[in-house]
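**Student:** The following block contains the structure, expressed as structure tokens.
The values are calculated or read from the model by the stated rules, or taken from the named source; none is laboratory data. All figures in this text were calculated on a predicted structure; none of them were measured in a lab. Don't worry about glycine lacking a Cβ; one is built from the backbone with ideal geometry, like all the others, and counts go over all protein chains shown.
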Amino acid sequence: MPPLADVTVVDLSTLLPGPLATRILATTGARVIKIERPGGEEMRRMPPRSDGRSLVYEMLNAGKEILELDLKDPADSERLELRLASADVLVEQFRPGVMARLGLDPAALLERYP
């Protein structure tokens, strides 16, 4: 059994650093649920491309479950909360203050999901 087979990760990151970190977690057995904005993240459109797909995006996100959510939409926020309730790890790389505006700052999350 892979070392992180019992770990669930919610990934709110984009571009390179966060997706690479969560790719490593997926490679070691974690279930990674990558949340992207509607229409997908910017890396989907980056070259080089093959068969209309970004090779960099595919490499960084292999082995992940992809879910598109609008975090400002109440229904989509609820869908995110369902994932967070069963997650062990949350990875994000928003600008300072964004997580707090979304009600997802560390203190709020620890209160809801000790």
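**Student:** Leu84: touching a residue at least 40 places away in the same chain (Cβ under 8 Å), assigned to a helix (DSSP H, G or I), surrounded by 15 or more Cβ atoms within 10 Å (Cβ to Cβ) and over 11 Å from the mean Cα position of the chain (by Cα), yes or no? Write out each step before concluding.
**Tutor:** Working: touching a residue at least 40 places away in the same chain (Cβ under 8 Å): yes; assigned to a helix (DSSP H, G or I): yes; surrounded by 15 or more Cβ atoms within 10 Å (Cβ to Cβ): yes; over 11 Å from the mean Cα position of the chain (by Cα): no.
No: the conditions fail for Leu84.
**Student:** In segment 22-39, how many residues are within 13 Å of Val91 (Cα to Cα) and either among the β-branched types (Val, Ile, Thr) or exposed (fewer than 15 other Cβ atoms within 10 Å of the Cβ) (or both)?
**Tutor:** 5
**Student:** Between a residue in segment 32-47 that is under 15 Å from Met59 (Cα atoms) and any residue that is of a type in the set (D, E, K, R) and in a loop (DSSP other than H, G, I, E, B), which pairs come within a Cβ distance under 8 Å, given they are 6 or more apart or on different chains?
**Tutor:** Within 8 Å, the pairs are Val32/Lys64; Lys34/Lys64.
**Student:** So which of Gly52, Gly97 ends up being modelled with pLDDT of 95 or more and on the phi > 0 side of the Ramachandran plot?
**Tutor:** Numbers: Gly52 fails: modelled with pLDDT of 95 or more.
Every option except Gly97 fails the conditions.
**Student:** Turning to a different aspect of this structure: Looking only at segment 47-64, which residues are hydrophobic (A, V, I, L, M, F, W, C), in contact with a helix residue (DSSP H, G or I) (Cβ under 9 Å, 6 or more places away or on another chain) and exposed (fewer than 15 other Cβ atoms within 10 Å of the Cβ)?
**Tutor:** The answer is Met59, Ala62.
**Student:** What number of residues within segment 25-38 satisfy the criterion of being outside any loop (DSSP other than H, G, I, E, B) and either farther than 16 Å from Met1 by Cα or among the hydroxyl-bearing types (Ser, Thr, Tyr) (or both)?
**Tutor:** Of the residues in that region, 6 qualify.
**Student:** All but one of (1) farther than 16 Å from Gly18 by Cα; (2) in contact (Cβ under 8 Å) with a residue 24 or more places away in the chain; (3) more than 14 Å from the chain's Cα centre (by Cα); (4) loosely packed, with under 13 Cβ neighbours inside 10 Å hold for Leu102, so report the exception by its number.
**Tutor:** (4)
**Student:** State whether one or more residues within segment 44-51 are more than 13 Å from Val10 (Cβ to Cβ), assigned to a helix (DSSP H, G or I) and not polar (S, T, N, Q).
**Tutor:** The answer is yes; a qualifying residue exists.
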